[in-house]
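So the structure is just underneath, and the comments pick up after that.
Values in this text are rule-based calculations from the coordinates and carry no lab data. Note that this is a predicted model, so its numbers are computed, not measured. Note that each Cβ is placed from the backbone with ideal geometry, even for glycine, and that neighbours are counted across all protein chains shown.
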Amino acid sequence: MEKKKWIDISQPLTNEMAVWPGDTPFSFQLSYTKEQTGSVNIGQITTSVHSGTHIDAPFHFDHEGKKVHELDIDLYIGTARVIDVTGYESVGRAELEPFGIEGVPRLLLRTMTDRDLTVFPEKYTVLREDVGPYLKEKGVRLLGIDTPSVDPVDSKKMLAHHSLHENDVFILENIVLEKVEPGNYELIALPLAIEGADGSPVRAVIRPI
């Protein structure tokens, strides 16, 4: 029996990728070439920790919250379910109830079927404040979404972030699900062990169960 293949659901980190308005653009370049060193090429990157596919540590929006190096890595490895909620301006309890997510530890939301990753979206699906209590009730510990944030771009109160955090649900943002079928998967989306950080880019992959 052929083993099912891993599917990459992370955004490629490129110099052309869109980033949050006003945030540090991603940049990769060679600091030294093999011709210069005589042996190897050596690259360097400049980036926000929220570039592309990334996790938010609670410290991102709560000064007393855990930082990346303090997070439980088991959150980011294990079974997950992809569901399709395209067509909604916002998602909360009412939109999630029909899917029967009882006992699903990691939930990945597909909200769009097409996206230009070089352009920051003018509009995207956000989460409502009632999402946190509902996910906790169902046993969800990690919520992934294919948008730049769970809150609107101009939000200062960060209601969805706080709702999730207050209910022990962690956040994975900017995954790529447009070609992924709804269903059950294994997920690996490990953050880098960045000491003191408020977030981290991840290489997120899933494999059908």
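Figures for the structure shown
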| read-out | value |
| --- | --- |
| From Ile77, Ile83, Ile73, residue being more than 20 Å from Tyr124 (Cβ to Cβ) and surrounded by 14 or more Cβ atoms within 10 Å (Cβ to Cβ) | Ile77 |
| Top-ranked residue of segment 150-202 - restricted to ones that are small (Gly, Ala, Ser), in contact with a helix residue (DSSP H, G or I) (Cβ under 8 Å, 6 or more places away or on another chain) and farther than 22 Å from Ile45 by Cα, ranked as surrounded by the fewest Cβ atoms within 10 Å (Cβ to Cβ) | Ser163 |
| For Ser155: the one exception among (1) assigned to a loop (DSSP other than H, G, I, E, B); (2) closer than 19 Å to Leu75 by Cβ | (2) |
| Residue count, segment 87-136 (criterion: assigned to a helix (DSSP H, G or I) and under 11 Å from Val169 (Cα atoms)) | 6 |
| Strands (runs of 3 or more DSSP E) enclosed by segment 1-59 - at least 1 residues per element that are β-branched (Val, Ile, Thr) and under 17 Å from the mean Cα position of the chain (by Cα) | 54-56 |
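The rows are residues; the columns are (1) of a type in the set (D, E, K, R); (2) in contact (Cβ under 8 Å) with a residue 24 or more places away in the chain; (3) in contact with a strand residue (DSSP E or B) (Cβ under 8 Å, 6 or more places away or on another chain).
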{"residue": "Lys5", "(1), (2), (3)": "yes, yes, yes"}
{"residue": "Leu13", "(1), (2), (3)": "no, yes, yes"}
{"residue": "Thr37", "(1), (2), (3)": "no, no, no"}
{"residue": "Ile55", "(1), (2), (3)": "no, yes, yes"}
{"residue": "Asp74", "(1), (2), (3)": "yes, no, no"}
